[in-house]
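The next block holds one structure in the form of structure tokens; read it before the comments.
The values are calculated or read from the model by the stated rules, or taken from the named source; none is laboratory data. Because the structure is predicted, anything quoted here is derived from the model rather than measured. All Cβ positions, glycine included, derive from the backbone under ideal geometry; neighbour counts span all protein chains shown. When the accessible area is computed, the model is the full protein with side chains, heavy atoms only, and any ligands, DNA or RNA have been set aside. Shrake-Rupley method; radii C 1.70, N 1.55, O 1.52, S 1.80 Å.
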Amino acid sequence: MSTAEGLRLPTTRGDWRLMGRTVRLVLTLPVYAAVAVIAAIVSLTLFVVSLNVPLVLDLVVGGSLPLASRLRVLGELYPFIGTSFNPAQGILLVVVAALTGVDVGLVTYHFREHGLDLQQGGAGVAGVVLGTLGAGCAACGSAVLLGLLSLLGVSTSLLFLPLDGLEFALLALAVLILSIYWLAEGMRGGEVNGCPVDI
């Protein structure tokens, strides 16, 4: 089996249209749209909290501040609300969170409607896990990756990445796009919400 037959990548306009149509058809179903929105919000929250665990534990969870102040401190951690992220980082984080939500919605649909098990739908699950790990914290991601790669003899030069760790969020973005594409490919020829999934 050649690489082109075994591992398809979204390289043509038709591939991207297939992804868009599949996402649109699945997310027009209210249950899966709600799953996608909740997953996106949860993943964005996990991303921003993972960068500030001591602050969240000390002030938001265990602090003596009034509830309104706790919520304001938590809100300031999010992109475009607080000052923790520059615009590029904020956009990338929100896009990765949104794609994580879309991926979770598609995975949920695929598992529930097509009766898949974890082995058959592994690409979608892997996309969500890798996307969450890669985007959650550039610093944490580089620290975890450095720890794993140091076992293989890779030096600490990973700490001097040109994009200050955003490479992991970009990698997460690529993994999520591939996961969404492979899920859409897996649904090709079927129907979603009464409409055929085919381009």
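Taken over the stretch 25-54, the criterion of being more than 17 Å from Ser84 (Cα to Cα), open to solvent by 30 Å² or more (accessible area, probe 1.4 Å) and under 14 Å from the mean Cα position of the chain (by Cα) is satisfied by Val35, Val37, Ile38, Ile41, Val42. Taking the stated definitions as given, is Leu57 without any contact (Cβ under 8 Å) to a residue 24 or more places away in the chain, open to solvent by 70 Å² or more (accessible area, probe 1.4 Å) and over 18 Å from the mean Cα position of the chain (by Cα)? Judged against the criteria, Leu57 is a match. Between Gly20, Gly14, Gly75, Gly62, the distinction of being at pLDDT below 85 and not aliphatic (A, V, I, L, M) belongs to Gly62 only.
Out of Gly101, Gly63, I need the residue that is surrounded by 15 or more Cβ atoms within 10 Å (Cβ to Cβ) and among the small types (Gly, Ala, Ser). Which one?
Working: Gly63 fails: surrounded by 15 or more Cβ atoms within 10 Å (Cβ to Cβ).
Checking each option against the conditions leaves just Gly101.
Taking the conditions (1) open to solvent by less than 50 Å² (accessible area, probe 1.4 Å); (2) under 12 Å from Leu44 (Cα atoms); (3) touching a residue at least 12 places away in the same chain (Cβ under 8 Å) in turn, Gly90 satisfies each one other than (3).
Where helices (runs of 4 or more DSSP H) fall wholly inside the stretch 1-102, the ranges with 1 or more residues that are within 22 Å of Ile177 (Cβ to Cβ) are 3-6, 13-27, 30-51.
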